[in-house]
1. Which members of the range 250-270 meet the condition of being farther than 18 Å from residue 280 by Cα and within 22 Å of the chain's Cα centre (by Cα)?
2. Is at least one residue of the range 156-167 surrounded by 24 or more Cβ atoms within 10 Å (Cβ to Cβ), among the acidic types (Asp, Glu) and part of a loop (DSSP other than H, G, I, E, B)?
3. If you take just the strands (runs of 3 or more DSSP E) that sit entirely in the range 225-317, which of them hold at least 3 residues that are modelled with pLDDT of 95 or more, of a type outside the set (D, E, K, R) and open to solvent by 40 Å² or more (accessible area, probe 1.4 Å)?
4. Quick check, is residue 155 at positive phi and of a type in the set (Asp, Glu)?
5. On the given criteria, is residue 180 at positive phi, acidic (Asp, Glu), open to solvent by less than 20 Å² (accessible area, probe 1.4 Å) and modelled with pLDDT of 95 or more?
6. Looking at the range 104-124, is at least one residue among the aromatic types (Phe, Trp, Tyr), open to solvent by 10 Å² or more (accessible area, probe 1.4 Å) and modelled with pLDDT of 95 or more?
7. Taking the conditions exactly as written (of a type in the set (A, V, I, L, M), closer than 17 Å to residue 384 by Cα and touching a helix residue (DSSP H, G or I) at 6+ places or on another chain (Cβ under 8 Å)), does residue 113 satisfy them or not?
8. Go through the range 51-83 and report how many residues are closer than 23 Å to residue 28 by Cα, in contact with a strand residue (DSSP E or B) (Cβ under 9 Å, 6 or more places away or on another chain) and not aliphatic (A, V, I, L, M).
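The values are calculated or read from the model by the stated rules, or taken from the named source; none is laboratory data. Being a predicted model, the structure only gives us computed values, none of them experimental. Backbone-built Cβ (ideal geometry, glycine too); neighbour counts: all protein chains shown. Note: accessible area is taken over every heavy atom of the protein model, side chains too, but ligands, DNA and RNA are not part of it. Shrake-Rupley method; radii C 1.70, N 1.55, O 1.52, S 1.80 Å.
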Amino acid sequence: MICFCGLFAKEALEMDAVELTRELIKIESTDPGSWETEIGEYICDYLKESGADTEAYEVEPGRKIVKGVVKGAKAHPALVFICHMDTVVKGEGWTKNAFGAEVSNGKIWGRGACDMKSGLASALTAFAEVAKSQKENAEDIEKLPGTLVFIGTVDEEADMKGSEAAVQQGWIQKEDWVLDMEPTSGMIQMAHKGRTWFELNVEGITAHASMPEKGADAIAGIAFMIAEIRKAMGKVPTHEELGKSTVTFGQISGGYSPYVVSDHSMVTIDMRLVPPMNTQEAEKIVRKAIEIGENAVPGVKGSYKITGDRPPVETHMESGLMKALSESVKKVTGKDPVVSAFTGYTDTAVVAGLLGNPNCMSYGPGNLAQAHKPDEYVEIADIERCVQVYRELICLYEDMI
């Protein structure tokens, strides 16, 4: 097996990842808030210092995705580590310094500790080890068989414009192996429910509330539509791994006075879809609901727009990355990894959806139940485990290419 990682001591590598996690937590990169400028510059300098070729691309003013590359004999399939640099806002309820990176009881505490600055640090450490070995031993070792890529994204905690831009810029190809470091509790997670968002608007006709027959009640109309959407979504097929499709109504507004028939109402709709459901099928449900609402409340008119469209992602046990990652996890932990679905939506799901890439998945330190909470933490042992797994994965990838 070809493996350049052994040129550096494993213990030093793991300590580097722990200390790097703390350094990254201390750099506030909240979204919205401080954003990713400072942490992006820090990571870019880290990658340059390791000897990687670096590049940055400005997605929005002041918000740049960053890339490090260690070139191999083959450009593709590359092994891509993709990590988001932003975190959610600090929020209330903390008993510790959210950006202090305190260490106690075998844990590191702070905003982003598990989501996902520990994963970010673990990936950077494993990547930089190979970059350093190539730079410092260029005359003594041959060129890598395959290319390694690290990508730091922006906006993952919002609209995921960073991973979209990485695809649009050609930083990731359909044949690449793409791994994100989201907290997965030791599991490999690949499948995702799709995420389709609608904004449903209903126009009515105002009238005095004492003579409602003279108007058309937009709020009553949208109520019929909401009820129909909930009813229809309760009947769609269940997926063996991902379970049931769900629907929630996150925001609603309408009317302007208790004694005036409402002439407008609006509701936002979040659908988490599992195959065979998709956005096209969801649109049929919304259109049918509008028809029912219009018939139930004569005079109202409904319309909708799609404000988000992320397709579902299914598990591909046969994929090359799945096989290599599973073997790496087993070698480090001594156990076959559990493969499960990710409950949210990740950068690798965006990549899979945009490119139809079957080699996109998540494996990282921490537990997702800790993410976004006050007193967020990550177990140091999780960081150490993941760094070892990433090292093994790099070695196995280079052996298989």
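1. From the range 250-270, those farther than 18 Å from residue 280 by Cα are 250-267; that's our starting set.
Answer for the range 250-270, where residues must be farther than 18 Å from residue 280 by Cα and within 22 Å of the chain's Cα centre (by Cα): just 250.
2. Residues of the range 156-167 that are surrounded by 24 or more Cβ atoms within 10 Å (Cβ to Cβ), as a first pass: 156, 162-163, 166.
Then drop every residue that is not among the acidic types (Asp, Glu), which leaves 156.
Retained after the next criterion (residues that are part of a loop (DSSP other than H, G, I, E, B)): 156.
Yes: one or more hits.
3. Numbers: elements: 246-254, 264-273, 301-310.
The qualifying strands (runs of 3 or more DSSP E) are 246-254, 301-310.
4. Working: at positive phi: yes; of a type in the set (Asp, Glu): yes.
Taking the combined requirement at face value, the residue satisfies it.
5. On the way: at positive phi: no; acidic (Asp, Glu): yes; open to solvent by less than 20 Å² (accessible area, probe 1.4 Å): yes; modelled with pLDDT of 95 or more: yes.
For residue 180, the condition - at positive phi, acidic (Asp, Glu), open to solvent by less than 20 Å² (accessible area, probe 1.4 Å) and modelled with pLDDT of 95 or more - is not met.
6. In the first step, residues of the range 104-124 are kept if they are among the aromatic types (Phe, Trp, Tyr); the result is 109.
Narrowing the set further to residues that are open to solvent by 10 Å² or more (accessible area, probe 1.4 Å) leaves 109.
Now restrict to residues that are modelled with pLDDT of 95 or more: 109.
Among the residues of the range 104-124, at least one is among the aromatic types (Phe, Trp, Tyr), open to solvent by 10 Å² or more (accessible area, probe 1.4 Å) and modelled with pLDDT of 95 or more, which makes the answer yes.
7. On the way: of a type in the set (A, V, I, L, M): yes; closer than 17 Å to residue 384 by Cα: yes; touching a helix residue (DSSP H, G or I) at 6+ places or on another chain (Cβ under 8 Å): yes.
So residue 113 fits the description; yes.
8. Kept after step one, since they are closer than 23 Å to residue 28 by Cα, are these residues of the range 51-83: 54-68, 81-83.
Subset that is in contact with a strand residue (DSSP E or B) (Cβ under 9 Å, 6 or more places away or on another chain): 54-59, 64-68, 81-83.
Okay, now just the ones that are also not aliphatic (A, V, I, L, M), so 54-55, 57-58, 64, 67-68, 81, 83.
Of the residues in the range 51-83, 9 are closer than 23 Å to residue 28 by Cα, in contact with a strand residue (DSSP E or B) (Cβ under 9 Å, 6 or more places away or on another chain) and not aliphatic (A, V, I, L, M).
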